[in-house]
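So the structure is just underneath, and the comments pick up after that.
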Amino acid sequence: MADRLLRWMGRVLVGLLGLSMVAPFLYMLSTSLMDEFEVLRFPPALWPGHPRPGNYQAALTALPFARFFLNSLVFAGSVAVAQVATSATAAYALARLRFPGRERVFFTVLTVMMVPTIVLLIPRFLLVNALGWVDSYAGLISTEVVSVWGIFLLRQFFQTLPRDLEDAARLDGAGEWTVFRRIILPLTRPALATLFVFAFVDQWKNFLWPLIVTRSLDMQVMELGIASFHGVYYTNWPYQMAAAVAGVLPLLLLFLVAQRAFVRGIQLSGLR
Amino acid sequence: MRPQLAWRLLAAIAGTGAVTLPIAAARLATARAEDSLSERVAYAVAGYVALVTPAAPGRPGYEPRQLLVTARGLRTLPGWSAPVDVYAVRTPLLAAGGPGLPSATWRDLQRLESPVRLGAGTLVPLKDREAWDVVGAAWVGRRSAPRDRRPVWTGLAVALAALGGVWAVGRGRGLRRVTMATFAAAALVHGGMCAAVVRGAAAWSGDRALRDIRTLIGDAPARLPVVRSRVPLAQLARVVQGTGVTLAEADSAQGTMIRRVETARGPRAVAPIRLGRRRWLSATMVPLEARQGGWTLAALGLALVGVVGVAVAGWGAVAAASPRRLGEIVTAWAFLGPAALHLVVFSFGPMLFAAWLSLHEWDLLDPVRRFVGLRNFAAAAADPLAWVSLRNTLLYTLYVPVTMMLALGVALVLQHHGGLTRLARTVFFMPYVASVVAVALVWQWMLSPDFGLVNWVLGAVGVPAVDWLGDPHTALLAVMVISTWVQLGYQTTIFVAGLQNIPQVYHDAARVDGANAWQRFWRVTLPLLRPVTLFVLVTGVIGSFQVFTYIYVLTDGGPLHATDVIVYRIYQTAWEFLQFGHASALALALFVILLGVTWVQFRLLGRRVEYG
C-alpha cells in the first residue's frame, strides 16, 4: 500500500518536473508571438491575443541572423566532420595497431581531458592571434579539430568489435587503410553518428571561444548573435524570444531526429 | 649490415648538428647584438652631430666646414673605439675620396628614415637641426664582442658523447639509454653555454653602446654652437633619440660603473654621466641580455634536436631489424598523425605556454614579456575578488549533487515504464540540447521581477515578488536553478542506463530476503550504482567549475560580484584588462583546485564495486 502510494507520488512529481521542462520552451514560443506591450502585464499573458508571426521577420533581420546561422553551420559542421575523422583514425591506431608506447600515448592523450578548457584558452588565443587567424573561420575551427573525448569514445567502441572480419581481410592481403575504410568504418557508423551529433551540438552551443576569437559582426555565430541582440533589444521580449526560438530550433530538430545517437553517446561515455 | 650503417650515418649527422647548431645560433645572436650596438651608436652620433654643428645660414643642412670639424672630432673623443663616418648628403667626410652612398640606399634613408646595413656597419639618417629633412647620414662600423671560446670545449664534449651515441646505435637497449642520457646532458650543458655566450655578447654590446653614448653626451655641452651654462636635458635628449636610452637628472654619481638595476618595469642598465662639476645625468636602457630569452630557448632547443635525432636513429635501427614491425609502426603513426600533431600544437604546447605565461607579465601591447616569477600567483592570492569568485564557484557547484538527487529520483520512477520512459527522456533531455544563450534569455524573461512567470506562479502560493537575478542574495541561486533545469535530463539519462545495467537477480535476491523497497534502494541499488554516481559527480563538478555563458549573459558577474565565478574572472582579467600572465596564473590555480576536488571525490566514492 505504502509502496503504491510512493510510486504514484513519484509519478506525479516526475510529471510536474516534465511539465517544467517543456514550459519554458512553450513560453518562449508564445512570447515570441506577442505584442510588444502585451508582455508588460501582470499577471502575465500566457498566450498572445493576436499571434504576430511578423515578430520573427522583424527580429531576424534587425541583425544579420542569416549570416550568423551560416557561420554556426560552417563552424559546428566542419568541426564535427573533422572531429569524427581525426578521432576515428587516432582511435583505430590506439585500439587496433601495435606500436611501442601505445598505452603511454593513450594515457598522455587522456590527460588533456583533465585540463579545464579555460587553461588552454589563453595560450590558444595568443597562438591564433600570432597566426593572424583572429576573426576568421580558421581561427574558429582550428583549435577544435580534435576531440579527446571522441578518441576515447571511439576507441572503446572499436574494442568491442570482433576481430575476425579484420583478420580475414588482412589474410587476404588488405592493408590497414582498406581494413579501416571497408570494415571498421561501416561497423562503427552508429558511434560515428553519435560523435558527430555531440560535436555538432557542443560547437553550436560553444560561446566562449567564438566570443574571444571573433570581432566583426560578419563572423559571429548564432549564440553570440542572440547575446548581442539581447544587449540591443534589452526590453523587447517578443523580439528576443523570436531570436531565441531561432537559436533553439535547429538543435531541437537535430535532437528529435537523432535522439538514439544522443542516448547511445551518453550510455557509452557514462558506463565503461 | 648496410642499413645499420645508414642509421649510424643519420645519427652522426644529428650528433654533428647538436654540436654546431647551438654554436651557429650563438654566432647569429652575437652578430645581431653587435648590429644593434652599431645602430644605437650611429643614432647617437647622428644626434650628437645635429646638436653640436651649426646650421648653414639660409638653407637646410649644416655648415660644411663645421660638419667636417665635428666628424673629425668624433675620432678624438676619449675612449672612442667605433669606426665612424659622417656623410654630407651622399659624400663621406672622413673616408675622403671613398665611395658615396648608392642612390638606392640614399632614397631608402630619405624615405623610410630607418637604419640601413652598409659595409660592415650600420647607416642611419642624419637630419638637420630642426629634425625636419634628411641631410646626410651617420655610419658606425661593427665591433666584435670579445670572443668566448668556452662553447668549443662543451662542443667537444658533446661530440664525444654523440660518438658514444652513434656507436650504441644498433646495440643493446641499456647501452643506448646510458649513452643517450650522457649525450642529452652534454647537449644541455652545451646549449646552456651557447646561451651564456649570447647573453655575454649582448651584455657587452649594450654596455658598449651606453659607454659611447655617455662619451658623446659628456662631450656635447662644450661644443654647442650657443654656449650655455646649463644645457637643458631636453636638448641633450637629441643624442639618445632612436637609441633606446632615456636620460634623467641624477643627484650624484655612484662611481662611473654601469649598474644593473631592478625596476618595476623590469631590469635596467644605468650609466652615470658627469656633465660638469655639480651636474650628473643618468642614461638608462633595457639591458640587451634581458632580451635574449628567445635565443636562450633556441640554443637549448637546437642542442636537443640533435639528441632527438640520434635517439630516433637508434630506435630506427632496432625497428629496421624487423621491417614488418617498422611498417606497422609507420602505419600506426600515420593514423595517429593528424590528431597527434593537433594535440601537440593546440593542447600540449598551449599547456606549457600557459605555465610559461603564468610566470610572466604579458599584455598584447607591450612587446617586453617580463619574467615575474610567482608574482602573478601572489597577486591572485592577494586579490579579494579572486577569493569571492572562488567562493561563488564552490557554492555554485552545490547544484550538482542537488541535481543528482533529483535525477536519480526521476530515473527510479522512469526505469520501469517502457514507452513512457522514452517520451520522458525526450522531454527531460530537451534543455540540454538547447542553445545556452536562448535558455538563459527565456529564464531571464521568466524571472523578471515585474512581469515574470515565476513570480506570478510563486505569488499564487503566497511568496512575495523577488528580483531573482538583480538581488545579490538570490542571483547565484537563480543561476543554479537554471543549471539544474538544464542538467537534469542529461544526468537522468545516465542514471537510467546505470539502473538498467544492474542485474535483476540482486533485486530479486533482496526481495526474497524480505527487504522492502526502501532497504533495496539503500543496500542494493545505491552501492551498485556507485561508479555511475562517481562519473556523474566528477564530470558535473568539472563542468560546474567552468560555468561562464549564463554568468556572461545573465548577470555579468553581478550584482555586487554575487555571481562572479572563476572563469568569468579569468575572462575579464585576460580579455578586458589584457593581463594574460595574471589570467594564466588564475587558470592554473583553477586547474590545481579542480585536480584536488576530483581527487577527493575519487577517494570518497572511488572504491571498486564488487558484484557478488
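The values are calculated or read from the model by the stated rules, or taken from the named source; none is laboratory data. Only a predicted model underlies this, so the values are computations on that prediction, with no experimental measurement involved. Virtual Cβ from ideal backbone geometry, glycine too; neighbours counted across all protein chains shown. Calculation scope for accessible area: heavy atoms of the full protein, side chains included, ligands and nucleic acids excluded. Shrake-Rupley method; radii C 1.70, N 1.55, O 1.52, S 1.80 Å.
Work out the length of the dipole vector of the protein assembly as shown about its Cα centre, built from +1 on the beta-carbon of each Lys and Arg and -1 on the beta-carbon of each Asp and Glu, and round it to the nearest 20 debye.
Result for the protein assembly as shown is approximately 3260 debye, rounded to the nearest 20.
Between A:T160 and A:L253, what's the calculated FRET efficiency when r is the beta-carbon distance and R0 is 22 Å? Round to 0.05. Spell out each step's value before the answer.
Working: r = 30 Å, r/R0 = 1.38.
Rounded to the nearest 0.05, the efficiency is 0.15.
In Å, the Kirkwood hydrodynamic radius of the range B:314-468 over pairs of distinct alpha carbons?
23.0 Å
With θ set to phi - 60°, apply the Karplus curve 6.51 cos²θ - 1.76 cosθ + 1.60 along the range B:153-164 and write out the HN-Hα couplings as whole Hz, x wherever there is a Gly or Pro.
5, 5, x, 4, 4, 4, 4, 4, 4, 5, 4, x
How large is the direction-averaged shadow of the alpha-carbon convex hull of the range A:57-270, in nm²?
Result: 14.1 nm².
If you take the beta carbon distance between B:V305 and B:W599 as r and set R0 to 25 Å, what does 1/(1 + (r/R0)^6) give as a FRET efficiency, to the nearest 0.05?
Efficiency for this residue pair is about 0.10.
If you scale each eigenvalue of the Cα gyration tensor by 5 and take the root, what three semi-axes come out for the range B:489-582, rounded to whole angstrom and sorted largest first?
Working from the Cα gyration tensor, I get semi-axes of 45, 13, 10 Å.
Quick query: amide H of B:A250 versus all other amide H atoms, modeled in the peptide plane; which residues come in under 5 Å with a sequence gap of 5 or more or a different chain?
Those lying under 5 Å, H to H, from B:A250 are B:W280, B:L281, B:S282.
Can you list residues whose amide H is under 5 Å from B:D128's amide H, if they're 5+ apart or on another chain and H is modeled 1.01 Å from N?
For B:D128, the qualifying residues are B:D133, B:V135.
In nm, to one decimal, how far is the A:L6 label point from the B:W387 one, both placed 7 Å along Cα→Cβ?
Using points 7 Å along Cα→Cβ, the separation is 4.6 nm.
Please provide three numbers in whole Å: the alpha-carbon extents of the range B:193-279 along the principal axes, with the largest listed first.
The principal-axis extents, from largest down, are 51, 23, 22 Å.
Testing the spin-label approximation: label points 7 Å from Cα along Cα→Cβ at B:A95 and B:R324. State their distance in nm.
For B:A95 paired with B:R324, the spin-label model returns 7.1 nm.
To one decimal place, what orientation-averaged projected area in nm² is obtained for the convex hull of the Cα set of the range B:92-238?
Details: hull surface 59.0 nm².
The Cα convex hull of the range B:92-238, projected and averaged over all directions, gives 14.7 nm².
Using only Cα atoms, tell me the angle between helix A:237-257 and the longest principal axis of chain A; keep it within 0 to 90° and round to the nearest 10.
Rounded to the nearest ten degrees, it is 30.
Enumerate the calculated ³J(HN,Hα) couplings along the range A:16-29 in order (Karplus 6.51 cos²θ - 1.76 cosθ + 1.60, θ = phi - 60°), each rounded to whole Hz, writing x wherever the residue is Gly or Pro.
Whole-Hz 3J(HN,Hα) from phi for the range A:16-29: 4, 4, x, 4, 5, 6, 7, 3, x, 5, 5, 5, 4, 5.
Tell me the mean residue ellipticity at 222 nm calculated for the protein assembly as shown from its helices only (DSSP H runs of n ≥ 4, each -39500 (n - 2.57), averaged over every residue, nearest 500).
It comes out at -21500 deg cm²/dmol, rounded to the nearest 500.
How high is the relative contact order of chain A, in percent, counting Cα pairs under 8 Å that sit 6 or more residues apart?
About 32 percent, as a whole number.
Extension gain B:R75-B:R260, at 0.36 nm per residue separation less the Cα-Cα distance, in nm? Please report the intermediate quantities before stating the final value.
Details: separation 185, 0.36 × 185 = 66.60 nm, distance 2.88 nm.
The B:R75-B:R260 span can extend by a further 63.7 nm.
Please provide three numbers in whole Å: the alpha-carbon extents of the range A:1-160 along the principal axes, with the largest listed first.
If we take the Cα atoms of the range A:1-160, the spans are 69, 62, 26 Å.
What is the helix-to-structure angle for A:259-270, meaning the angle in degrees between its Cα long axis and the longest Cα principal axis of chain A, kept from 0 to 90 and rounded to the nearest 10?
Roughly 60 degrees between the two axes.
Given all pairs of different Cα atoms, what value in angstroms does the Kirkwood hydrodynamic radius of the protein assembly as shown take?
33.1 Å
Excluding ligands, DNA and RNA, what is the accessible area buried between chains A and B, summed over both sides, using a 1.4 Å probe, to the nearest 100 Å²? Please list the in-between numbers first.
Details: alone 16140 and 32910 Å², together 41060 Å².
Using a 1.4 Å probe on protein heavy atoms, the buried area is about 8000 Å².
With unit charges on the beta carbon (Lys/Arg positive, Asp/Glu negative), name the residue among B:V308, B:W575, B:P78 whose Cα is farthest towards the positive pole of the charge dipole of chain B.
Working it through, the farthest residue towards the positive pole turns out to be B:P78.
Which of A:G15, A:P53, B:G170 sits farthest toward the positive end of the charge dipole of the protein assembly as shown, with +1 on the Cβ of Lys and Arg and -1 on the Cβ of Asp and Glu?
B:G170
If you take the Cα atoms of chain B, find Rg, then find the Kirkwood Rh from the mean of 1/r over all pairs, what is Rg/Rh?
Computed over Cα atoms, the ratio is 1.14.
Once amide H atoms are placed 1.01 Å from N in the peptide plane, what residues at a sequence separation of 5 or more from B:H360, or on another chain, have their amide H within under 5 Å of its amide H?
Counting only residues 5 or more places away or on other chains, the set is B:V372.
Please provide three numbers in whole Å: the alpha-carbon extents of the range B:565-608 along the principal axes, with the largest listed first.
Dimensions of the range B:565-608 along the principal axes of its Cα atoms: 46, 16, 9 Å.
Please compute the per residue accessible area over the range A:57-270 with all protein chains in place, 1.4 Å probe, rounded to a whole number of Å².
39 Å²
Counting alpha carbon pairs within less than 8 Å and at least 6 residues apart, what relative contact order, in whole percent, applies to chain B?
14 percent
Just counting partner chain Cβ atoms within 10 Å, what average do the residues of peptide A:89-102 show around their Cβ?
5
7 Å from Cα along Cα→Cβ at both A:N129 and A:L40: what's the point-to-point distance in nm?
For the pair A:N129/A:L40, the computed spacing is 4.3 nm.
Ignoring any ligand, DNA or RNA, what whole percent of the accessible area of the range B:1-95 comes from carbon and sulfur when the probe is 1.4 angstrom?
Numbers: 2800 of 4450 Å².
Carbon and sulfur: 63 percent of the exposed surface of the range B:1-95.
Taking N as the number of residues in the range A:143-272, what is its Cα Rg relative to 2.2 N^0.38 Å?
1.45
Within 10 Å of each Cβ in peptide A:175-188, how many partner chain Cβ atoms are there on average? Round it to a whole number, please.
Partner Cβ neighbours, averaged per residue: 1.
Could you pull the accessible area for A:H230 with a 1.4 Å probe, rounded to 10 Å²?
The value for A:H230 is about 10 Å².
Using the reciprocal of the averaged 1/r over all distinct C-alpha pairs, how large is the Kirkwood radius of the range A:84-140 in Å? Don't jump to the answer; show the numbers that get you there.
On the way: mean 1/r = 0.0730 Å⁻¹.
About 13.7 Å, per the Kirkwood formula over Cα pairs.
Please compute the net charge surrounding B:A515, taking Lys and Arg as +1 and Asp and Glu as -1 over other residues with Cβ under 13 Å from its Cβ.
Taking every other residue near B:A515 into account, the sum is 0.
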